[in-house]
Amino acid sequence: DGIPSEGDDVWIPSWKQVVLDVDTPVLGRVVIEGVLVINATSVVDLAATWIEIKGGSLIIATTDGKGKVLGPFEGSTTITLHGTNPKLSAVHGANPRETPEVVLGKEGVPFAPAGLGVMGTFIAQGKPTVHSHAPLAETATKGATQITVDALVDWEPGSEIVLAPSDFDMHQADVVRVVSTSR
């Protein structure tokens, strides 16, 4: 019980429901066997080396007091998987690739640092949009500050969108923030 400190491992047992309403420091391993809720109006960041949903639930949505999903999440949250933390860095170095894997279950499934393992329920219900994706109406040139899409969109200022590459290299995608839209 209480608020964990940087590098701490966190376990949410099967009989417990926790509502996250504050930013976390970079936690170690977060194991969710119960329920972790980030609720409707929360503006919180969850940072950890690993997150393992082990039979429990991670819910990012509007919920009632019992964790039942009532509607879309209307807050703002970021989950950052660091792959290492100060306690691990002291032993293994700051490079996440030097952080050891955790072996899970009887089968010995390797779970790498900066991993999100879902062996339970992960619900992230965002605000519905008319179009979650839209094709470009014309080529977006390098350094462009405007794009034209071939659809009527309702993306709000501050939303992040991904500009996918024209080839199959996912590393060439760009994440950009919507400043404004016009019709």
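The values are calculated or read from the model by the stated rules, or taken from the named source; none is laboratory data. Please read all numbers here as calculations on a predicted model, not as lab measurements. Cβ placement follows ideal geometry from the backbone for every residue including glycine, while neighbour counts extend to all protein chains displayed. Remember, those area values only see protein heavy atoms, side chains included, never the ligands or the DNA or RNA. Shrake-Rupley method; radii C 1.70, N 1.55, O 1.52, S 1.80 Å.
Data table
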item: Ellipticity estimate at 222 nm from DSSP helix runs (n ≥ 4, -39,500 (n - 2.57)) divided over the chain, nearest 500; result: -1000 deg cm²/dmol
item: Pairwise label distance in nanometres, ASP23 with ASP154, each label 7 Å out on the Cα-Cβ vector; result: 3.1 nm
item: Label of the coordinate-derived value, P(r) over Cα pairs in 10 Å bins from 0, in percent, listed as (1) 7, 13, 13, 11, 10, 11, 11, 12, 9, 4, 1, 0; (2) 9, 28, 29, 24, 10, 0; (3) 8, 25, 31, 25, 10, 1; result: (2)
item: For TRP11, solvent-accessible area (1.4 Å; no DNA, RNA or ligand), Å²; result: 140 Å²
item: Average Cα contact separation per residue, the chain, under 8 Å, 6 or more apart, as relative contact order %; result: 15 percent
item: Fraction of accessible area attributable to carbon and sulfur, the chain (%, probe 1.4 Å); result: 54 percent
item: Solvent exposure ordering (accessible area, 1.4 Å, most first) of THR24, THR129; result: THR129, THR24
item: Top of SER132, SER166, SER14 by mean-square fluctuation, Gaussian network on the chain, Cα under 10 Å; result: SER166
item: Over 18 Å between alpha carbons, listed pairs LYS16/LYS106; LYS16/LYS54; LYS54/LYS127; LYS54/LYS106; result: LYS16/LYS106; LYS54/LYS127
item: Cα lying deepest toward the dipole's positive end in the chain, options GLN17, GLY28, SER180, charges on Cβ; result: GLN17
item: Added length on full extension, which subtracts the Cα-Cα distance from 0.36 nm per residue, ALA140 to SER180; result: 12.7 nm
item: Virtual spin-label span in nm between GLU6 and VAL109, 7 Å along Cα→Cβ; result: 3.2 nm
item: Gain on full stretching of the segment that runs from PHE122 to THR41 - 0.36 nm per residue minus C-alpha separation; result: 27.3 nm
item: Simple spin-label estimate for ALA173 and THR129 in nanometres, 7 Å along Cα-Cβ; result: 1.2 nm
item: Estimated vicinal HN-Hα couplings, Hz - region 48-63 in sequence order (Karplus 6.51, -1.76, 1.60; Gly, Pro = x); result: 7, 6, 9, 10, 10, 8, 10, x, x, 9, 10, 10, 10, 5, 6, 10
item: With all protein chains modelled, accessible area of THR139 [1.4 Å, Å²]; result: 120 Å²
item: Using a Förster distance of 22 Å, the FRET efficiency for THR80-SER14 (Cβ separation, nearest 0.05); result: 0.30
